[in-house]
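A.B. asks: The structure under discussion is supplied below as structure tokens; questions concerning it will follow.
The values are calculated or read from the model by the stated rules, or taken from the named source; none is laboratory data. This structure is a prediction, so every number in the text was calculated from the model and none was measured. Note that each Cβ is placed from the backbone with ideal geometry, even for glycine, and that neighbours are counted across all protein chains shown. Side chains are part of the model used for accessible areas, which takes the heavy atoms of the whole protein and leaves out ligands, DNA and RNA. Shrake-Rupley method; radii C 1.70, N 1.55, O 1.52, S 1.80 Å.
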Amino acid sequence: MAKLHLSDREISLIKGLLTHKGMNDQQVLAVFSYLDRNINHREIAQIRRGDKPRYVAIAAASLAEVDELLYHYAKIGSLADRLGFCEMDPITAKVHKAVEIMKTAIMVYNNNMIVTRSETFIVLGVIAWTYLVHAHLEAQSVAPIYRNPDGTDVLIDGKAKYWELTYCLGRPETALTKGMVNNLRYIIAIRNEVEHRSYEDINVEVQSKIQAAALNFLRYVKEKFGPKFDFSHDLAFTIQLQALTLGSPNMIKGVGLVSKSVAAVNALIEEPMSFGDFNDPDYAFRVHVTPKVTNNAKNADQAVTYNPVGSNIEIAIKQVERPKFRQKEAMERLQAEGVPNVTSHTFQKAWKSKNLKNPGKGMAILLGGVWFWYQEGIDAIKEIMLAGQG
């Protein structure tokens, strides 16, 4: 076998690992060496000591470059687990299963040919989250098993009965954020509806909750079990064949009739929520489309830009929807700003005078059978009410 010659880039990354991560020679060797690429461990030591002028002249890679290398290297560890190179412990095996189920749920949801894609995601998503939370509890030496008063396991069909996801949500050891807990309570409530009672189309109405459930899962598995379980690069945008225009029906959401099952869950889960909890992106990840506000892509507050068919206006998909307020909260804001005589009657009279609930005006939005006001709508009502009292 010919002597292996390390490139300048490889030497830079090796120096970066030694500098930023404090790895020893053996650890660095493991990153850059495999069966058909056998690097002598002495060369790593020579790079570390700077034994050759070339090694001294090449700058160490930045911390960001090293982190990117280790992110991709972690995928090798994940693949080795699945290929059976080493025996997996039960917790790691459970995390792998949770990730595979969630990836399946996302792939089904991304298939617009499947009418019941939301229901399928929700059922699979609950299973995936249950596996993942159980794995985290077991890693904390908490056995997620129901116990009898005498300390023995509760048995079902001769096997230990594990905690349902709903029960797990009340355990502080799960280390879930409040938004994550609220999101999963909502998902579970919808699951109960679609499994036992509902046959209505709910795809549009639960989009933001499903998006949040998937993003929360990804963040949780990376935080609790490491980057080798990051599957964000395994799933890409779906190919779009429908023209996206500013006037097309797919641009207008939240204005139609809400299915009975979703309306019931909204009333149960969302009515008692505070403003902060309702707008928490961990609970519901909402996006909206707005005109691009800068010609400099580096300064634009956007994730994606594209040209709608038949328009020369570039559009940006912003990450978080604008804050929304129920009527009671909107009235409280008006009162706090010194607007006199704010009552349900005067509030309703004001918005009706200018038809502010017209979806095209962007002042308010109907979600789950309840109207929410944007700040622009509240400001418009304030102007109308003050003008009427002048």
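A.B. asks: Under the condition of being farther than 19 Å from Val221 by Cα and of a type in the set (S, T, N, Q), which residue from the range 162-199 is least open to solvent (accessible area, probe 1.4 Å)?
C.D. replies: Looking at residues that are farther than 19 Å from Val221 by Cα and of a type in the set (S, T, N, Q), I get Ser198.
A.B. asks: Report, by residue number, each residue of the range 24-44 that is outside any helix (DSSP H, G or I) and modelled with pLDDT of 90 or more.
C.D. replies: Correct list: Asn24 only.
A.B. asks: Test of understanding: among Ala330, Ala380, Ala350, which residue is under 25 Å from Ala267 (Cβ atoms), small (Gly, Ala, Ser) and either touching a His at 6+ places or on another chain (Cβ under 9 Å) or at pLDDT 90 or above (or both)?
C.D. replies: The conditions single out Ala330.
A.B. asks: Out of the range 358-379, which residues are in contact with a helix residue (DSSP H, G or I) (Cβ under 9 Å, 6 or more places away or on another chain) and over 24 Å from Gly276 (Cβ atoms)?
C.D. replies: Residues of the range 358-379 that are in contact with a helix residue (DSSP H, G or I) (Cβ under 9 Å, 6 or more places away or on another chain), as a first pass: 361-373, 375-378.
Across the range 358-379, the qualifying residue is only Lys361.
A.B. asks: Does at least one position in the range 156-165 carry a residue that is in a helix (DSSP H, G or I), under 23 Å from the mean Cα position of the chain (by Cα) and farther than 16 Å from Arg117 by Cα? Walk me through it before giving the result.
C.D. replies: Filtering the range 156-165 down to residues in a helix (DSSP H, G or I) leaves 165.
From the residues that got through so far, the ones that are under 23 Å from the mean Cα position of the chain (by Cα) too are 165.
So of that shortlist, the ones also farther than 16 Å from Arg117 by Cα come out as 165.
So far as the range 156-165 goes, yes, one or more of its residues are in a helix (DSSP H, G or I), under 23 Å from the mean Cα position of the chain (by Cα) and farther than 16 Å from Arg117 by Cα.
A.B. asks: Hey, does the range 12-23 have a residue that's within 18 Å of Pro227 (Cβ to Cβ), in contact (Cβ under 8 Å) with a residue 40 or more places away in the chain and either open to solvent by 50 Å² or more (accessible area, probe 1.4 Å) or among the aromatic types (Phe, Trp, Tyr) (or both)?
C.D. replies: Checking the range 12-23: at least one residue is within 18 Å of Pro227 (Cβ to Cβ), in contact (Cβ under 8 Å) with a residue 40 or more places away in the chain and either open to solvent by 50 Å² or more (accessible area, probe 1.4 Å) or among the aromatic types (Phe, Trp, Tyr) (or both).
A.B. asks: Name every residue in the range 51-105 that is modelled with pLDDT under 85 and under 23 Å from the mean Cα position of the chain (by Cα), in order of residue number.
C.D. replies: Tyr71, His72, Ala74, Lys75, Ser78
A.B. asks: Next question. Let me confirm something: among Ala128, Ala135, Ala61, which residue is in contact (Cβ under 8 Å) with a residue 40 or more places away in the chain and within 18 Å of Ile11 (Cβ to Cβ)? Explain how you work it out, then say what you get.
C.D. replies: Working: Ala128 fails: within 18 Å of Ile11 (Cβ to Cβ); Ala135 fails: within 18 Å of Ile11 (Cβ to Cβ).
Going through Ala128, Ala135, Ala61 in turn, just one is in contact (Cβ under 8 Å) with a residue 40 or more places away in the chain and within 18 Å of Ile11 (Cβ to Cβ): Ala61.
A.B. asks: Cβ-Cβ distance below 7 Å, separation of 6 or more or different chains: which pairs start in the range 80-102 with a residue that is under 18 Å from Ala214 (Cα atoms) and end on one that is at pLDDT below 95 and open to solvent by 70 Å² or more (accessible area, probe 1.4 Å)?
C.D. replies: His96/Arg82
A.B. asks: Which one of these does Ile202 not meet: (1) open to solvent by 10 Å² or more (accessible area, probe 1.4 Å); (2) touching a residue at least 24 places away in the same chain (Cβ under 8 Å); (3) not polar (S, T, N, Q); (4) not in a helix (DSSP H, G or I)?
C.D. replies: The one condition Ile202 does not meet is (1).
A.B. asks: Evaluate the range 9-19: report whether one residue or more is under 26 Å from Ala80 (Cα atoms), in a helix (DSSP H, G or I), of a type outside the set (S, T, N, Q) and touching a Lys or Arg at 6+ places or on another chain (Cβ under 7 Å).
C.D. replies: yes
A.B. asks: Exactly one condition in (1) over 21 Å from Glu223 (Cβ atoms); (2) touching a helix residue (DSSP H, G or I) at 6+ places or on another chain (Cβ under 8 Å) is false for Ile101; which is it?
C.D. replies: The number of the failed condition is (1).
A.B. asks: Report yes if Val221 is at pLDDT 95 or above, surrounded by fewer than 20 Cβ atoms within 10 Å (Cβ to Cβ), in contact with a Leu (Cβ under 7 Å, 6 or more places away or on another chain) and not acidic (Asp, Glu), otherwise no. Working first, answer last.
C.D. replies: Working: at pLDDT 95 or above: yes; surrounded by fewer than 20 Cβ atoms within 10 Å (Cβ to Cβ): no; in contact with a Leu (Cβ under 7 Å, 6 or more places away or on another chain): yes; not acidic (Asp, Glu): yes.
No: the conditions fail for Val221.
A.B. asks: Of the residues that make up the range 154-164, is at least one among the aliphatic types (A, V, I, L, M) and under 18 Å from Asp282 (Cα atoms)? Lay out the reasoning, then the answer.
C.D. replies: Within the range 154-164, the subset among the aliphatic types (A, V, I, L, M) is 154-156, 160.
Checking which are under 18 Å from Asp282 (Cα atoms) leaves us with none.
Among the residues of the range 154-164, not one is among the aliphatic types (A, V, I, L, M) and under 18 Å from Asp282 (Cα atoms), which makes the answer no.
A.B. asks: Ok, one more. Does the range 140-161 contain any residue that is open to solvent by 40 Å² or more (accessible area, probe 1.4 Å) and touching a residue at least 40 places away in the same chain (Cβ under 8 Å)? Explain how you work it out, then say what you get.
C.D. replies: Initially, the range 140-161 is screened for residues open to solvent by 40 Å² or more (accessible area, probe 1.4 Å), giving 140-141, 143, 146-153, 155-159, 161.
Next, only the ones that are touching a residue at least 40 places away in the same chain (Cβ under 8 Å) stay: none.
Among the residues of the range 140-161, not one is open to solvent by 40 Å² or more (accessible area, probe 1.4 Å) and touching a residue at least 40 places away in the same chain (Cβ under 8 Å), which makes the answer no.
A.B. asks: Out of contact with any Cys (no Cβ under 8 Å at 6 or more places or on another chain) and closer than 30 Å to His134 by Cβ, is that true of Phe85? Break it down stepwise before answering.
C.D. replies: Details: out of contact with any Cys (no Cβ under 8 Å at 6 or more places or on another chain): yes; closer than 30 Å to His134 by Cβ: yes.
Judged against the criteria, Phe85 is a match.
A.B. asks: While we're on this one: Of the conditions (1) assigned to a helix (DSSP H, G or I); (2) within 25 Å of Ala143 (Cα to Cα); (3) not aliphatic (A, V, I, L, M), Phe121 satisfies every one except a single condition; which number is it?
C.D. replies: (2)
A.B. asks: If I filter the range 49-72 down to residues being outside any loop (DSSP other than H, G, I, E, B) and of a type in the set (Gly, Ala, Ser), which single residue comes out as farthest from Leu6 (Cα to Cα)? Please lay out each step first, then the result.
C.D. replies: To start, the set of residues in the range 49-72 that are outside any loop (DSSP other than H, G, I, E, B) comprises 49, 53-57, 63-72.
Checking which are of a type in the set (Gly, Ala, Ser) leaves us with 57, 64.
Numbers: Ala57: 14, Ala64: 21 Å.
Taking the candidates together, the pick is Ala64.
A.B. asks: Now for a separate question. When you check Val99 against the structure, is it closer than 19 Å to Asp234 by Cα, in a helix (DSSP H, G or I) and aliphatic (A, V, I, L, M), yes or no?
C.D. replies: On the way: closer than 19 Å to Asp234 by Cα: yes; in a helix (DSSP H, G or I): yes; aliphatic (A, V, I, L, M): yes.
Judged against the criteria, Val99 is a match.
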